[in-house]
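**Student:** Dropping a structure here in structure tokens format, bear with me for questions.
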Amino acid sequence: MSEELEVFNKLAEAEAIPDFSVPFTGNYELDQKIVEHKAWLKSIRHEQPSPKHHYRVGIYIRYFNQTKHDNYLEYHIRQYQDTMALLPNWELVDFYINEGATAPNMESAREWCRLLDDCFAGKVDLVITQKVSNVSKKHYEITILARMLAALEKPVGIYFVSENIFTLASYYQHDNHDTEFFPSEDWKLLPDDEAEEKPLLIGGDADA
């Protein structure tokens, strides 16, 4: 247990930029829900990805060099490498690095998209990044993405270090499999266009 604590303490130390994010979306009810959820997170015993489990890890970094470290990116990568060295069961697939002070739209973050491609291709099953705002400031994007990754044949989890959130934690399983976004029970596939086309008969009438 002490070894696991050391690992996650070292991951937390890799955060060199203070998080000044404030949950103000302009929607009072949504802001209240975010505040309540953060309070709930502080009240529960958190689950982290187990160091005993074999994970293929993709580490996502979004950085801007505005810290006390001259070579912040190299410093940041080295911290992660030192932590991964403590985890013989975790396999580092790659670092995925975008530059910028604020999270862009997901589709314009090339390295984030490359990481997602590797997740859907079965090359990565654990994503580690410092904080939620590294990925997106749109809460619904994170929610839908976490559910999509959790629904894969081999589920992929995201661990946000600063918030100490693991999307495959047991207390998120209900949310990950919520049917709100699924089709209703009476939903049916629409027929393909090709299925409605009548076959052409060579030398004859198609209606014959």
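**Student:** Among K33/K154; K52/K138; K10/K137; K42/K137; K52/K154; K131/K154, which pairs are too far apart, with a Cα-Cα distance over 28 Å? Please report the intermediate quantities before stating the final value.
**Tutor:** Working: K33/K154 31 Å; K52/K138 33 Å; K10/K137 26 Å; K42/K137 21 Å; K52/K154 17 Å; K131/K154 24 Å.
In this structure, K33/K154; K52/K138 exceed 28 Å between Cα atoms.
**Student:** What does the highest-first list of 46-53, 130-137, 142-149 look like by mean Cβ count within 10 Å?
**Tutor:** Values: 46-53: 14.9, 130-137: 19.5, 142-149: 17.2.
Result, highest mean first: 130-137, 142-149, 46-53.
Laboratory data are not the source of any read-out in this text; all were calculated from the coordinates shown. Since we're looking at a predicted model, the values are computed, not measured. Glycine also receives a Cβ, built like all others from the backbone with ideal geometry; neighbour counts cover every protein chain displayed.
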